[in-house]
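*Asks:* This is the structure I want to talk about, given as structure tokens.
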Amino acid sequence: MAERMLKFVTVAQSQPDKRSVSERNADFDEIYRAFAVDQAERQASRCSQCGVPFCSIHCPLGNNIPDWLKMTAEGRLEEAYALSSATNNFPEICGRICPQDRLCEGNCVIEKGFESVTIGAVERFITDTAFANGWVAPISPPVERAASIGIVGAGPGGLAAAMQLRELGYQVHVYDRYDRVGGLMVYGIPGFKLEKDIVARRHLYLEESGVRFHLGVGVADRDGEGRIAFATLRARHDAVLIATGVYKSRDIGGPGAGLPGIVKALDYLTASNRTSLGDNVAAFESGELNAAGKSVVVIGGGDTAMDCVRTAVRQGAKSVKCLYRRDRANMPGSIREVKNAEEEGVDFVWLAAPEAFLGDARVGAVRATRMKLGLPDASGRQSVEPVEGSAFVLEADLVVKALGFDPEALPTLWGQSDLAVSRWGTLRVDHESFMTSLPGVFAAGDIVRGASLVVWAIRDGRDAAAQMHRWLEERAAVAAQAAE
């Protein structure tokens with residue numbers, strides 16, 4: 001049905017409608033409205049069905065995007081879901097929070113003037129439709145295996161691996177120190193990008209599929225209340241996957257850096273998300289992690305910084321500024337998120353970096369200096385240099401540091417001195433087998449590659465699961481041979 005495709009010359013690109021700024025600034029609901037069926041079909045029909053699909057090539061999961069776009073355009077939504085979910089464990093989540101402007105949509109071959117195909121919104125629509133119509137059946141493995149696998153971390157990498165291993169019939173147990181499934185998808189990413197019932201729906205699906213969750217159980221160096229020793233975990237399971245992510249916030253120094261009112265991005269976002277979920281958060285109620293009525297300065301230029309500034313707007317901040325040492329073109333965050341933040345009233349202070357924090361009992365201002373872009377460094381990224389005599393002051397009752405994340409010192413925290421790490425503190429693995437320096441212990445996601453995207457965590461979780469299956473099969477074959 002080729003006539004249904006290649007409509008990019010007659011049909012304009014469009015994303016789902018956004019709610020008005022005044023409406024979305026008043027709550028934490030998602031800002032995009034859902035596509036209607038005819039809208040999704042029309043946008044899918046814009047795909048050029050090119051011979052070399054750069055959208056798929058630049059998707060970390062290698063999703064079969066042109067094929068499920070064609071199925072959507074033809075109204076074959078159940079087939080589209082089957083194809084979409086064959087390569088992606090959580091297409092409804094990736095469709096919401098992936099930076100499509102840097103990945104699939106950003107590499108669409110349709111030339112400027114006609115604009116790229118709308119991919120993320122269609123991906124989200126397909127899976128939401130599948131759930132609404134009961135097409136998403138719990139996993140029912142063809143055979144149940146006796147082998148047990150422990151997964152540390154209920155974030156996207158761990159959950160993707162759990163799904164893959166459960167489909168193979170393994171007995172899968174997921175351990176997480178938090179009280180909800182989802183990791184940063186629940187506590188780090190605000191509801192206006194990803195409503196939490198979407199993650200909860202996947203939690204229920206996995207439980208119905210036979211995955212067992214041990215929540216509020218952190219891994220430590222010894223057993224105790226609310227914790228399990230890593231050694232105990234290894235003894236309990238035939239293989240272990242470490243998918244903890246990276247949670248250690250990068251810090252910033254300078255005079256006044258220890259003043260009250262200067263907070264970490266993850267603490268700030270977690271307090272907001274927990275409050276939205278109905279939890280009583282003392283630091284939020286006291287105002288320590290609440291932007292209401294305050295002049296807020298967020299330091300950083302990534303997606304976490306965008307989450308912080310947009311959260312502050314919704315909490316009723318008096319003003320919200322984002323301080324970033326490079327310019328818009330060099331910003332690591334999603335261009336789409338920057339645009340959303342600007343619409344919502346955030347003021348971006350480009351080419352500026354903090355040099356001191358001013359105040360007595362608590363922070364009252366940030367002294368910053370103007371920056372200029374210098375020559376590219378070894379990575380090709382332009383360096384930044386301060387402009388002499390350019391200092392200025394920004395009022396700030398609340399300063400949020402959104403400077404990225406580093407891994408926690410797992411070998412020390414878990415009492416595993418033989419667990420090898422890289423010079424960056426990430427776990428060192430064999431990049432073919434995903435195995436760490438400890439036999440039978442694998443690792444995937446941000447704890448291996450460093451802070452990255454949800455879609456990369458899913459890819460790593462899937463690949464690690466395949467390698468764990470291979471290792472367990474080989475181990476079983478050797479044991480069977482020895483028993484003969």
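The values are calculated or read from the model by the stated rules, or taken from the named source; none is laboratory data. Nothing here was measured: the structure is a model prediction, and the numbers come from that model. Virtual Cβ from ideal backbone geometry, glycine too; neighbours counted across all protein chains shown. Accessible surface is based on the protein model in full, side chains and every heavy atom, while ligands, DNA and RNA are left aside. Shrake-Rupley method; radii C 1.70, N 1.55, O 1.52, S 1.80 Å.
*Asks:* Can you confirm whether ILE57 is open to solvent by less than 70 Å² (accessible area, probe 1.4 Å), at pLDDT 95 or above and β-branched (Val, Ile, Thr)?
*Replies:* Here the answer is no, as ILE57 does not meet what is asked.
*Asks:* Which condition number in (1) modelled with pLDDT under 95; (2) under 26 Å from ARG202 (Cβ atoms) is the one that ALA464 fails?
*Replies:* (1)
Rundown of residues vs (1) surrounded by fewer than 22 Cβ atoms within 10 Å (Cβ to Cβ); (2) at pLDDT below 95, yes/no style:
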| site | (1), (2) |
| --- | --- |
| ARG236 | yes, no |
| ALA239 | no, no |
| ALA243 | no, no |
| ARG250 | yes, yes |
| ASP267 | yes, no |
| ALA271 | no, no |
| ARG274 | yes, no |
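Table: residues versus (1) in a strand (DSSP E or B); (2) within 18 Å of ILE97 (Cα to Cα); (3) at pLDDT below 95; (4) among the polar types (S, T, N, Q).
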| position | (1), (2), (3), (4) |
| --- | --- |
| CYS308 | no, yes, no, no |
| THR311 | no, yes, no, yes |
| ALA317 | no, no, no, no |
| LYS321 | yes, no, no, no |
| GLY333 | no, yes, yes, no |
| ARG336 | no, yes, yes, no |
| ASN340 | no, yes, no, yes |
| PHE348 | yes, no, no, no |
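*Asks:* Related question: Within the stretch 354-363, count every residue that is assigned to a strand (DSSP E or B) and either without any contact (Cβ under 8 Å) to a residue 40 or more places away in the chain or of a type in the set (Phe, Trp, Tyr) (or both).
*Replies:* So the count comes out to 1.
*Asks:* I'd like the residue in the stretch 309-325 that is of a type in the set (Lys, Arg) and in contact with a strand residue (DSSP E or B) (Cβ under 6 Å, 6 or more places away or on another chain) and, out of all such residues, is surrounded by the fewest Cβ atoms within 10 Å (Cβ to Cβ).
*Replies:* LYS318
*Asks:* Turning to a different aspect of this structure: Go through the stretch 120-146 and report how many residues are open to solvent by less than 60 Å² (accessible area, probe 1.4 Å) and either charged (D, E, K, R) or part of a helix (DSSP H, G or I) (or both).
*Replies:* Qualifying residue count, the stretch 120-146: 12.
*Asks:* Enumerate the helices (runs of 4 or more DSSP H) found wholly within the stretch 383-484, keeping only those where 1 or more residues are open to solvent by 20 Å² or more (accessible area, probe 1.4 Å), within 30 Å of CYS94 (Cα to Cα) and not basic (Lys, Arg).
*Replies:* Per the criteria, 446-449, 454-483.
*Asks:* Tell me, please, whether a residue that is more than 23 Å from the chain's Cα centre (by Cα) and in a helix (DSSP H, G or I) can be found in the stretch 52-62.
*Replies:* No, the stretch 52-62 has no match at all.
*Asks:* Restricting to the stretch 364-382, name every residue that is open to solvent by 70 Å² or more (accessible area, probe 1.4 Å), more than 20 Å from ILE262 (Cα to Cα) and assigned to a strand (DSSP E or B).
*Replies:* ARG370, LYS372, LEU375, PRO376
*Asks:* Please verify whether LYS372 is in contact with a strand residue (DSSP E or B) (Cβ under 6 Å, 6 or more places away or on another chain), free of Cβ contacts under 8 Å to residues at least 40 places away in the same chain and of a type in the set (Lys, Arg), treating the condition exactly as stated.
*Replies:* yes
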